[in-house]
Amino acid sequence: MDRKTNILILESSFFMGGAEKYMYNIFEKMKENGFNLILCTLYEPGPMGQVFINEGYTFYHDLIQYKFDFRAYFKLRRIIKKHKIDLIYLVNQPLTLFWGFLLGKTNNIPI
């Protein structure tokens, strides 16, 4: 039996904007098609993050306290190991790109 592809979605915070609503629709379709999504925010979940939490998504938040809080690397690495992440999806923001690129390269995970 094939296991689901585990994808880590890394975002700074899920606010209630048009892009987040669009992402919600994409995530729902991905779940329907056998992908396992693990959502992570560097800061608070935000209003749309609460929607994801209420919908039962695996959701981690408040991973950093300041911009280059290096503890985030170890927190995210534990999440990667726990969920056997196959792919990291980065929202195009400087901090998510920084942490995601670092994690992907040091853990041999495609970004």
* Asked: Scanning for something over 22 Å from GLU20 (Cα atoms), out of contact with any strand residue (DSSP E or B) (no Cβ under 6 Å at 6 or more places or on another chain) and open to solvent by 60 Å² or more (accessible area, probe 1.4 Å), does the stretch 82-100 turn up at least one residue?
  -> yes
* Output for the stretch 80-111, where each listed residue is basic (Lys, Arg) and within 14 Å of the chain's Cα centre (by Cα) -> LYS81, LYS82, LYS84
* Asked: So which of ASN33, ASN6 is touching a Lys or Arg at 6+ places or on another chain (Cβ under 7 Å) and either at pLDDT 90 or above or β-branched (Val, Ile, Thr) (or both)?
  -> ASN6
* Tabulated pairs, the stretch 37-64, first more than 12 Å from ILE79 (Cβ to Cβ), second among the β-branched types (Val, Ile, Thr) and open to solvent by 50 Å² or more (accessible area, probe 1.4 Å), C-beta under 7 angstrom, 6+ apart or interchain -> PRO45/ILE53
* If LEU10 passes every condition in (1) more than 14 Å from the chain's Cα centre (by Cα); (2) surrounded by 19 or more Cβ atoms within 10 Å (Cβ to Cβ); (3) among the hydrophobic types (A, V, I, L, M, F, W, C) but one, which one does it miss? -> (1)
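The values are calculated or read from the model by the stated rules, or taken from the named source; none is laboratory data. Quantities reported herein were computed from a predicted structural model and do not represent experimental measurements. Every residue, glycine as well, gets a Cβ built from its backbone with ideal geometry; the counts of neighbours run over all protein chains shown. In case anyone asks, the SASA skips ligands and DNA or RNA and just uses the protein heavy atoms, side chains included. Shrake-Rupley method; radii C 1.70, N 1.55, O 1.52, S 1.80 Å.
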